[in-house]
Amino acid sequence: DGTVTIKAQDAATNSDGSFSDISGATSGSITAAVTPQHGMVALGVTSAVRRYLRWQIVLGTATTATFVCGLIRNHI
């Protein structure tokens with residue numbers, strides 16, 4: 001129980017120090033309850049996502065959370 005925030009980070013090289021938050025790619029605070037939560041974050045069509053991607057979970061008041069994330073890229 002409690003709250004968590006899930007955010008996407010990207011980097012040009014695959015090393016821990018090179019990752020940074022992708023602007024606008026965060027879930028905001030969500031409840032980590034037994035009832036499944038869901039949502040989608042849409043980025044603008046001109047938003048850049050670099051080669052390497054990872055998900056970061058920030059525990060608010062929760063001590064544990066199970067989550068699944070995905071990225072869909074639409075090339076227009």
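The values are calculated or read from the model by the stated rules, or taken from the named source; none is laboratory data. Everything numeric here is computed off the predicted structure, so don't read it as measured data. Note that each Cβ is placed from the backbone with ideal geometry, even for glycine, and that neighbours are counted across all protein chains shown. Keep in mind that these areas ignore ligands, DNA and RNA; they rest on the heavy atoms of the full protein, side chains included. Shrake-Rupley method; radii C 1.70, N 1.55, O 1.52, S 1.80 Å.
Using label points projected 7 Å from each Cα along Cα→Cβ, tell me how many nm separate residue 1 and residue 71, to one decimal.
Using points 7 Å along Cα→Cβ, the separation is 3.5 nm.
Averaged per residue, what accessible surface does the chain expose to a 1.4 Å probe, in Å²?
76
So for each of 44-51, 1-8 I average, over its residues, the number of other beta carbons within 10 Å; can you give me the resulting order with the highest mean first?
Descending packing order for the listed peptides: 1-8, 44-51.
So the label point goes 7 Å from the Cα of residue 63 along Cα→C-beta, right? Which residues of region 1-19 then have their backbone N under 17 Å from it?
Residues 1-4 qualify, since their backbone N sits under 17 Å from the label point.
Tally up the carbon and sulfur contribution to the accessible surface of the chain as a whole percent, 1.4 Å probe, everything protein left in place.
Carbon-and-sulfur percentage of accessible area, whole number: 54.
On alpha-carbon atoms, Rg over Rh for the chain using Kirkwood Rh?
Across the chain, the Cα-based Rg/Rh ratio is 0.99.
Given H placed 1.01 Å from N in the peptide plane, which residues other than close sequence neighbours of residue 52 have an amide H under 5 Å from its amide H?
Under 5 Å from the amide H of residue 52 lie the amide H atoms of 11, each far enough along the sequence or on another chain.
For the chain, with only Lys/Arg (+1) and Asp/Glu (-1) charged at the beta-carbon, what is the dipole magnitude about the Cα centre, in debye rounded to 20?
With only Lys, Arg, Asp and Glu charged at Cβ, the dipole is about 240 debye.
Excluding residue 13 itself, what net charge comes from residues whose Cβ is under 15 Å from its Cβ, given Lys and Arg +1 and Asp and Glu -1?
Value of the local net charge: +1.
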